[in-house]
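The values are calculated or read from the model by the stated rules, or taken from the named source; none is laboratory data. Note that this is a predicted model, so its numbers are computed, not measured. Cβ: placed from backbone, ideal geometry, glycine included. Neighbour counts: every protein chain shown. For the accessible areas, the whole protein counts, side chains as well, though only heavy atoms, and no ligand, DNA or RNA atoms are used. Shrake-Rupley method; radii C 1.70, N 1.55, O 1.52, S 1.80 Å.
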Amino acid sequence: MNPAGGVAGLVAIHDAVALANWLSTLHSPTVHDMNRVFKEYRAERYPVAKQAFRSSQMYTKFLGKSMLSVIVRAVMKRFPDWLWRQLKISVSRSRPQVSFLPLVEDKGSVKLLHQPSLHKTLAINKERAENPQILSSVTASVTAV
């Protein structure tokens with residue numbers, strides 16, 4: 001990814017939060033559970049990383065010295081204010097949270113993007129809190145091996 005766009009850093013932060021959310025659901029280090037966690041993580045983050053890579057490639061083309069690059073930069077300099085505001089809003093909608101810490105109340109005026117790992121892992125943790133025998137049965141089966 002082209003470092004000039006800053007996309008790789010943003011994707012890395014979101015990857016870390018999603019992976020932390022999924023790892024927080026592990027209460028036994030079984031191969032089956034680890035595979036499940038990494039499959040969920042990959043299903044959520046791989047499409048995002050692919051799109052970020054494609055965007056970075058496109059951004060790199062805009063930085064070139066071709067006539068198309070010059071035209072695109074000239075057009076972007078003349079974008080109307082309302083379009084720049086929309087672009088800023090789309091960037092600010094992404095505010096990831098970890099599921100194993102108290103959630104930060106959303107006081108913003110911009111609707112947040114859906115964060116699959118947050119909602120799925122919150123549901124898993126809630127179910128475990130309501131049914132403690134789920135965790136104890138998993139722990140018992142791991143210690144019995």
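Take every Cα pair under 8 Å in region 8-81 that's 6+ residues apart, average their separations, divide by the length, and report that relative contact order as a whole percent.
25
Using the Cα centre of the chain as origin and beta-carbon charges of +1 (Lys, Arg) and -1 (Asp, Glu), tell me which of Ala20, Ser56, Leu103 is placed farthest towards the positive end of the dipole.
Positive-most Cα among the choices belongs to Ser56.
So what is the 222 nm mean residue ellipticity for the chain from helices alone, if each DSSP H run of at least 4 adds -39500 (n - 2.57) and you divide by all residues, rounding to the nearest 500 deg cm²/dmol?
The per-residue figure over the chain is -23000 deg cm²/dmol.
About its Cα centre, how strong a charge dipole does the chain have in debye, to the nearest 20, once Lys and Arg get +1 and Asp and Glu get -1 at the Cβ?
That gives the chain a dipole magnitude of about 920 debye.
Starting from 0 in steps of 10 Å, tell me what percent of the Cα-Cα pairs of region 1-125 lands in each bin.
In whole percents, the pair-distance histogram is 11, 32, 30, 17, 8, 2.
Excluding Phe79 itself, what net charge comes from residues whose Cβ is under 14 Å from its Cβ, given Lys and Arg +1 and Asp and Glu -1?
Summing Lys and Arg as +1 and Asp and Glu as -1 gives +4.
For region 74-116, place one equal point scatterer on every Cα, skip the solvent, and apply the Debye formula. What is log10 of I(q)/I(0) at q = 0.15 Å⁻¹?
Those come out to -0.51, one per q.
Could you do me a favour and compute the accessible area per residue for the chain, 1.4 Å probe, result in Å²?
Each residue of the chain exposes 72 Å² on average to a 1.4 Å probe.
Gain in length, Ala123 to Lys77, computed as 0.36 nm per residue apart minus the alpha-carbon separation, to one decimal in nm?
12.0 nm
Taking the full set of protein chains and a 1.4 angstrom probe, give the accessible area of Glu127 in square angstrom, rounded to the nearest 10.
100
As a test of reading the structure, rank Ile71, Ile89 by solvent-accessible area (1.4 Å probe, protein chains only), most first.
The residues order as Ile71, Ile89, largest area first.
Determine the distance separating the Cα centre of region 41-59 from the Cα centre of region 73-116; give it in Å without decimals.
That distance is 17 Å.
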